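Have a look at the structure below, then the notes.
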């Protein structure tokens, strides 16, 4: 379907900006490449301050009296306070604290005097270090290695890149930006102290935000040295601490954001308020792609507290004194919407169209190696085939969308929580018809996101810009939960045909044909050593806007591959763990992770009748995770998870306390989706409307015991927010098959188990 | 029409439409934004408060029904001198929150459960804690409830929350 499903959305941003097909192992995520160019200087890490007008303006955003900024990531005040400016936003993943650990450790800063703040949504703060991290995954190590830092910095600002996503904060911003900044600033402080004291640098030591000269007993505080040190040029490749020297990295440091989240004082986007502010709510066309035909405003205007009705091209907005007045006003309306020509769109129709596409045999992209067809045709092989399907699933972040906008004197100011402040400004500027310099965005903490808050799929940015421009007062636009559920940017409905050949108990070839909107080649690495592999993408676009859902394509591709591995093990008459193991390179990190989870879960030990174990291993975002789920099936056919184990190799865990929470949380989210979640379409419209018909797993149904174990391999640091999610779904499906003998190939399991 | 009740020990009078849910009166008229909007149909529990000591999902109770009653919100759990409620302290010790949005409601539900049962069993926790957490903090919620009642978590491993000060 080539038509733009939402007329309010700029085609250029809504559509993927494709890069050339990448066949190397790594990540290619379209969302990072949206946008157009805007340039600000270059840099080694962070962005260095130099004396030019645009940078001194940016510098003035963070540098107050008695404060000295070293680069975009940090400043030191004369009272010794170190302030870190995080380009990543907090939505529960804990990266603010972890980035602080990385900076403070290399800097030898006093942890109690470190403040962590949100970087301003200014283009000068675009995250070049993130671009540097993603580049090798997108373009390959060799090509990335040839690019000068200045070019990479330019790319970051041209994207512009200030995203929170891709499990990138620690592995890229932290490893490339924070640690190097901390080490380089520490070196500058030492150099300054050496000059002041007239002693060699080699006689100086640092700890707790002080430089000490042991021989003379003289001590200089970082605050005393900051002004002089900030004027020095910083080393471009400073010496980093070794693992043995870490004092904060790898330690279970309590998160800084948690106290305000237990006493009700944390202020989320939806909590924001201004004097004289009004509250609005919205109903968009039930069928995505539909438009507003007509609406009689009178019934809403008759509701007490309603002030205005605004018509957008595809939605109607009611503004009231408060949310309740706006909600009642909206409920009083009977807007007429078109269906945008999508009345034939339905969940079964999408699966049928995808099956037809796959049968047509004309893929848009193909990855893999070796001659799969020849292997399938070889003598004496056993062929196994299966078809898998996953529905649209919704992010269901607990804080519904809410943005506040105020248009005054030709300038638009927006407050709220989104995963990329810079793209938010650009999108709002475009919608409002303003220059981006006349749009300010104030990022706030978010009540979850999981991929829903990337500006390139967030229509409420356009909506608030258009609404704010029509009223003289600040207005907060709040989506109801119903609006949220029915107008999500879901993980795409997807289906796959898998085929493999077996000979002497080993896989000789494997083909995965999957149909969905986006191509996942290059994003989800194939981990098994199989002589011939082929993964073919068949592009199918419904009337929905597909968005990244926690761990993106690794969830459904993990479900396909890891369910099928169990089917192949069964066909070969082998144990699922041992069968996987022998297809992983001996001594590999993957094999160690798999072995560890088998050991910890007591794999192979007897279980009570009706209970089954399932195992799965998926690598995503540079991290390898294997999970075992022990489950049984309730009388009504629904799966009941009893216990869960996760073994993780992300290289290094910066904050094990938080990393454990991220893995366990990702695992539970995966179980929730696998068991009961589905967004279905009828006549082009979403059937579900709220938590009543979109069930999220609750405490009683979550495994009371989740054993999370980290292997500190010291390999390149991987992500932690997303990789816990993919393996749990196939591990549960495999456990259910082991318990019942019934292989479920269509999610959610609940619907299928009862069928 | 003015409706009078008490919130966190203080008498208030609000001029709101009688059918306005208590949630919106708390958030918009009284600026107590610790109580959250999640679903509007009493399905998720993000809006949980106590009304006359009873756990109540404030999104689905009209303010007219609150007249003359005593409401406690998350802000009211903390003592005047700033001392956190034992459950809030347990929440910090177990490092429960991730995004944190549902946690006010989770804490209000946990406080009500503990006030009702003393030391709840795992089964009582399962039955009472029906609030949705999308981040999946359930294992730590369970261990924090057990810790708050002086009972070590048996089924869920409590995280080793050792504060690190950063000293050498």
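Test of understanding: among A:155, A:102, A:159, which residue is in the same structural domain as residue A:238 (by TED's automatic domain parsing), closer than 30 Å to residue B:98 by Cβ and at pLDDT below 55? Even if it seems obvious, please write down each step before you answer.
Values: A:155 fails: closer than 30 Å to residue B:98 by Cβ; A:102 fails: at pLDDT below 55.
Only one candidate passes the filter, namely A:159.
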Seminar exercise, completed: The residue that is nearest to the other protein chains (Cβ to nearest Cβ), considering only those in region A:449-479 that are outside any helix (DSSP H, G or I), over 16 Å from residue A:408 (Cβ atoms) and in contact with a strand residue (DSSP E or B) (Cβ under 6 Å, 6 or more places away or on another chain), is A:478
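Here are A:335, A:363: which of them is touching a residue at least 24 places away in the same chain (Cβ under 8 Å), away from chain B (no Cβ under 14 Å) and over 30 Å from residue A:302 (Cβ atoms)?
On the way: A:335 fails: over 30 Å from residue A:302 (Cβ atoms).
Sole residue among the options that is touching a residue at least 24 places away in the same chain (Cβ under 8 Å), away from chain B (no Cβ under 14 Å) and over 30 Å from residue A:302 (Cβ atoms): A:363.
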Problem set entry | Elements of type helices (runs of 4 or more DSSP H) in region B:17-130, at least 2 residues being within 16 Å of residue A:260 (Cβ to Cβ) and within 12 Å of chain A (Cβ to nearest Cβ) | B:86-93, B:103-117
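I'd like to verify a number: residues in region A:201-217 that are surrounded by 12 or more Cβ atoms within 10 Å (Cβ to Cβ) and either free of Cβ contacts under 8 Å to residues at least 40 places away in the same chain or assigned to a strand (DSSP E or B) (or both), how many?
So the count comes out to 10.
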Problem set entry | Selection from region A:334-372 of residues that are surrounded by fewer than 19 Cβ atoms within 10 Å (Cβ to Cβ) and assigned to a loop (DSSP other than H, G, I, E, B) | A:334, A:338, A:341, A:343, A:344, A:346, A:361, A:362, A:364, A:370, A:371
Problem set entry | Every residue from region A:392-417 that is within 19 Å of the chain's Cα centre (by Cα), surrounded by 24 or more Cβ atoms within 10 Å (Cβ to Cβ) and within 14 Å of chain B (Cβ to nearest Cβ) | A:393, A:394, A:396, A:397, A:398, A:399, A:400, A:401, A:416, A:417
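Which of the residues belonging to region A:314-332 are outside any helix (DSSP H, G or I) and facing chain B (nearest Cβ under 10 Å)?
Here is the first cut: in region A:314-332, the ones outside any helix (DSSP H, G or I) are A:314-322.
Listed by number, the residues that qualify are A:321, A:322.
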For this session: Report yes if residue B:106 is crowded, with 19+ Cβ neighbours inside 10 Å, within 24 Å of residue A:89 (Cβ to Cβ), in contact (Cβ under 8 Å) with a residue 40 or more places away in the chain and outside the structural domain of residue B:35 (by TED's automatic domain parsing), otherwise no.
Result: yes
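For region A:628-650, give me the residue count where each residue is more than 10 Å from chain B (Cβ to nearest Cβ) and buried (at least 23 other Cβ atoms within 10 Å of the Cβ).
Let us first name the residues in region A:628-650 that are more than 10 Å from chain B (Cβ to nearest Cβ), namely A:628-642, A:645-650.
Now restrict to residues that are buried (at least 23 other Cβ atoms within 10 Å of the Cβ): A:628-631, A:639, A:641, A:645-650.
Going through region A:628-650 one residue at a time, the tally reaches 12.
Do we have residue A:700 as part of a helix (DSSP H, G or I) and at the interface with another protein chain (Cβ under 9 Å from one of its Cβ atoms) here? Reasoning before the result, please.
Numbers: part of a helix (DSSP H, G or I): yes; at the interface with another protein chain (Cβ under 9 Å from one of its Cβ atoms): yes.
Considered against the rule, which asks whether it is part of a helix (DSSP H, G or I) and at the interface with another protein chain (Cβ under 9 Å from one of its Cβ atoms), residue A:700 comes out as yes.
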For this session: Answer yes or no: is there a residue in region A:276-288 that is out of contact with any strand residue (DSSP E or B) (no Cβ under 6 Å at 6 or more places or on another chain), outside any strand (DSSP E or B) and crowded, with 23+ Cβ neighbours inside 10 Å.
Result: yes
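Considering each residue of region A:257-275, count those that are touching a strand residue (DSSP E or B) at 6+ places or on another chain (Cβ under 8 Å), more than 23 Å from residue B:110 (Cα to Cα) and either part of a loop (DSSP other than H, G, I, E, B) or more than 10 Å from chain B (Cβ to nearest Cβ) (or both), and give that number. Please lay out each step first, then the result.
Residues of region A:257-275 touching a strand residue (DSSP E or B) at 6+ places or on another chain (Cβ under 8 Å): A:257, A:266-270, A:272-274.
Next, only the ones that are more than 23 Å from residue B:110 (Cα to Cα) stay: A:269-270, A:272-274.
Remaining after also requiring either part of a loop (DSSP other than H, G, I, E, B) or more than 10 Å from chain B (Cβ to nearest Cβ) (or both): A:269, A:272-274.
Residues that pass the stated criteria total 4.
The values are calculated or read from the model by the stated rules, or taken from the named source; none is laboratory data. This is a predicted model, so every value here is computed, not measured. No Cβ is skipped: glycine too gets one built from the backbone with ideal geometry, and neighbour counts run over all protein chains shown.
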